[in-house]
1. Which of the peptides 83-92, 67-76 is most tightly packed, and how do the rest follow, judged by the mean count of other Cβ atoms within 10 Å per residue?
2. Fewest first, what order do Ser51, Ser31 take by the number of other Cβ atoms within 10 Å?
3. Assuming R0 = 25 Å, can you tell me the calculated FRET efficiency for the pair Glu62 and Ser31, based on Cβ-Cβ distance, to the nearest 0.05?
Amino acid sequence: MDHEAQAWSGPEHPKGRDQHSGGCPTARDHSREIEDWKEKFLLGAENALRSRPKDEEALQEEQIKKLKQKIGDLVMDMDILREAAKRHPPTPGTSDS
């Protein structure tokens, strides 16, 4: 077994992340994971530097608020893309399917 295959053979193997690459993680998966770690680190570091640190529940509520805001942003992006697609339908024979 080659080194790369061994690296993903443990319990941390990200099964089912990307159907097109046989379940192996993509650069986007890694980027998303790194962003999640970074966000958790920054929230923890900010809280540790407070003179009166927030409790765990307050930190979770803050993270939920940020995630809901991100979801709202993504929904708006999807709406904008749908409207743009209505105005500019794909040329026949160029579809991804």
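1. 67-76, 83-92
2. In increasing order of surrounding Cβ atoms, one gets Ser51, Ser31.
3. Efficiency at R0 = 25 Å is approximately 0.65.
Each value in this text was obtained by applying a stated rule to the coordinates, not by laboratory testing. All of these numbers come straight from a predicted model, not from anything done at the bench. Backbone-built Cβ (ideal geometry, glycine too); neighbour counts: all protein chains shown.
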